[in-house]
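Notes to accompany the following structure.
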Amino acid sequence: MPPGELLPLAALASGRGSNFQALQDACARGAIPARVAAVVSDNPRAPALERARAQGVPAVVVERKDYASRAAFDTALADAALAAGARLVCLAGFMRVLSPVFLERFGGMVINIHPSLLPAFPGLDAQKQALDYGVKVAGCTVHFVDAGVDTGPIILQACVPVEPDDTVETLSARILEQEHRLYPKAVALIAAGKVAPPAAGRVARVTAL
Ligand code: GAR
């Protein structure tokens, strides 16, 4: 981004929206050169929508049931984000897999946060998967999105210890704290041109901020 300009982003959220909130907070306090142009949700009851409205961020609902096909739904999602002026899409607890129909509209500028050290434990219930496996270190990952489930070039990761008495709740809370730190940092790297979507099959090269 040219100096002084803010990178407009859309947060896609299906639920609670704490990662949207972390991005919004970082933008609002000027910590990252970005602004949240819209929250788009597939769930009309998502608390993320309420959070957005409370802060004057446009909140848009695009429900799967209103579209005949996945392609039509993905097109409507992309239309909503682009209509808000977004140039980057941040999946923030968006619990659907996006098809190339969506991804191609943003030229690779779609990122996701996932509560595991990928490529370990993709998909649902990542924290439970980590506990069930017995790993001693867990964490979170921000990555560019491709057509797979929690695949795509890794931008940043953060790790946390797994304590012997951890439950899914305690481990999730420890990871979430890192998510809220990591996601704004990844957006800042992109806004500053320190990392960009690499060609298919390549790793993402990150330059220090
Ligand atoms: C976060 O832990 C995020 O990493 C996870 O859902 C939670 C959403 O919380 N995402 C995934 O598991 C995606 N595969 P939030 O709504 O409070 O941001």
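Hey, can you tell me all the residues within the range 52-78 that are surrounded by fewer than 20 Cβ atoms within 10 Å (Cβ to Cβ) and touching a Phe, Trp or Tyr at 6+ places or on another chain (Cβ under 7 Å)?
Selection gives Arg64, Tyr67, Ala76.
Looking at the range 27-51, which of its residues are farther than 17 Å from Ala92 by Cβ and crowded, with 16+ Cβ neighbours inside 10 Å?
Scanning the range 27-51 gives a single hit, Pro33.
Six or more apart or on different chains, Cβ under 7 Å: which pairs go from a residue in the range 168-191 that's at pLDDT 95 or above to one that's hydroxyl-bearing (Ser, Thr, Tyr)? Could you list them?
Filtered contacts from the range 168-191: Leu176/Ser18; His180/Ser18.
Could you check how many residues of the range 79-131 are free of Cβ contacts under 8 Å to residues at least 60 places away in the same chain, assigned to a loop (DSSP other than H, G, I, E, B) and crowded, with 21+ Cβ neighbours inside 10 Å?
4
Has the range 93-108 got at least one residue that is among the polar types (S, T, N, Q) and more than 8 Å from the ligand (Cβ to nearest atom)? Don't jump to the end; show me each part of the working.
In the first step, residues of the range 93-108 are kept if they are among the polar types (S, T, N, Q); the result is 99.
Restricting the remaining residues to those that are more than 8 Å from the ligand (Cβ to nearest atom) gives 99.
Yes, that holds for at least one residue.
So the check is Cβ under 9 Å with 6+ separation or different chains; which pairs have a first residue in the range 35-48 that's farther than 16 Å from Ala83 by Cβ and a second one that's part of a helix (DSSP H, G or I) and of a type in the set (A, V, I, L, M, F, W, C)?
Pairs found: Asp42/Phe73; Asp42/Leu77; Asn43/Leu49; Ala48/Phe20.
Within the range 1-18, restricting attention to residues that are under 20 Å from Ala192 (Cβ atoms) and within 16 Å of the ligand (Cβ to nearest atom), which residue is nearest to the chain's Cα centre (by Cα)? Write out each step before concluding.
Going through the range 1-18, the residues under 20 Å from Ala192 (Cβ atoms) turn out to be 1-11.
This time we only want the ones that are within 16 Å of the ligand (Cβ to nearest atom), so: 9-11.
On the way: Leu9: 11, Ala10: 10, Ala11: 7 Å.
In this case the residue turns out to be Ala11.
State the number of residues belonging to the range 20-76 that are among the hydroxyl-bearing types (Ser, Thr, Tyr), within 29 Å of Met1 (Cβ to Cβ) and more than 16 Å from the ligand (Cβ to nearest atom). Full working, then the answer.
Keep residues of the range 20-76 that are among the hydroxyl-bearing types (Ser, Thr, Tyr), which gives 41, 67, 69, 75.
So of that shortlist, the ones also within 29 Å of Met1 (Cβ to Cβ) come out as 41, 75.
With more than 16 Å from the ligand (Cβ to nearest atom) added as a condition, the list becomes 75.
Residues flagged as among the hydroxyl-bearing types (Ser, Thr, Tyr), within 29 Å of Met1 (Cβ to Cβ) and more than 16 Å from the ligand (Cβ to nearest atom) within the range 20-76 amount to 1.
Mind listing just one residue for me: the one in the range 132-159 that is over 23 Å from Phe94 (Cβ atoms) and part of a strand (DSSP E or B) and, of those, nearest to the ligand (Cβ to nearest atom)?
So the residue we want is Cys159.
Assuming Val142 fulfils every condition listed in (1) in contact with a helix residue (DSSP H, G or I) (Cβ under 7 Å, 6 or more places away or on another chain); (2) more than 20 Å from Ile190 (Cβ to Cβ) apart from one, which condition is it?
(2)
The values are calculated or read from the model by the stated rules, or taken from the named source; none is laboratory data. As the structure is a prediction and not an experimental result, all values here were calculated from the model. Using ideal geometry, Cβ is built from the backbone for each residue, glycine included, and neighbour counts are taken over all protein chains shown.
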